[in-house]
Amino acid sequence: MRNSTIIFEDLVKEAKQCSLCVEHLPYGVNPIFSIGSKAKVVLIGQAPGLIAHQNTKAFSDKSGERLRQWLHIDTTTFYDENKLAIMPMGFCFPGYKNGADAPPRKECAPTWHEKMLHAIQPELVLLVGRYAQQYYLPKYRTLTDAIKNNCDEKFAVLPHPSGRNNRWLAQHPWFETEYLPHVVARLTPLLV
């Protein structure tokens, strides 16, 4: 047991020092993820935004508030890495493109995700946003299809909680009234 703990700690330390795509990061390297060896739930988002980059804390903005509200999770539980691991598709803030956050760098997920998921063996993976959904559930053409039709009990799919998705939320009221209660029911017992 002690040996696997050391290996896990080495993996986390190595990922925190990652600089694979430094030349593509206009704001510099700052890997932001939170993962503990006992986490039963992993939240995979897209990439930290500028506020998260500045605070070195994922979802430390309005999107994070909405996400915690959706999931009925208080801030303390959300940031307890041994209850909920947070592992974005891209660990560093990718900068901006066309007035919005740029897509996550493509180096992170293939380099780190499989190793980390294998190390902790989560019972539930929350895929937040299209980038995570496309990577883990590529058989669905759209995020809406993935949310409605995913039958894999290991994954739950959510839209990104950004205000940019208010229109999608307004067009799909079933997401909050019907879908989210099922996700919360699966999630809550795993966070105890």
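Quick notes
- Lone qualifier among Y96, Y135, Y131 - being out of contact with any Cys (no Cβ under 6 Å at 6 or more places or on another chain) and crowded, with 18+ Cβ neighbours inside 10 Å: Y131
- Restricting attention to segment 143-167, the residues that are of a type in the set (A, V, I, L, M, F, W, C), exposed (fewer than 15 other Cβ atoms within 10 Å of the Cβ) and in a helix (DSSP H, G or I) total 0.
- Residue list for segment 101-160, filter: of a type in the set (S, T, Y) and more than 22 Å from S63 (Cα to Cα): T111, Y140
- Segment 110-135, residues that are over 21 Å from F175 (Cβ atoms) and charged (D, E, K, R): E114, K115, E123
- Condition check for Q69: surrounded by fewer than 21 Cβ atoms within 10 Å (Cβ to Cβ) and under 29 Å from T177 (Cα atoms): yes
- Some residue of segment 79-93 being touching a residue at least 60 places away in the same chain (Cβ under 8 Å), surrounded by fewer than 20 Cβ atoms within 10 Å (Cβ to Cβ) and touching a helix residue (DSSP H, G or I) at 6+ places or on another chain (Cβ under 7 Å): yes
A short reminder: the numbers here are calculations on the coordinates, not readings from a lab. Every value quoted in this text rests on a predicted model; they were computed, and no experiment measured them. Cβ: placed from backbone, ideal geometry, glycine included. Neighbour counts: every protein chain shown.
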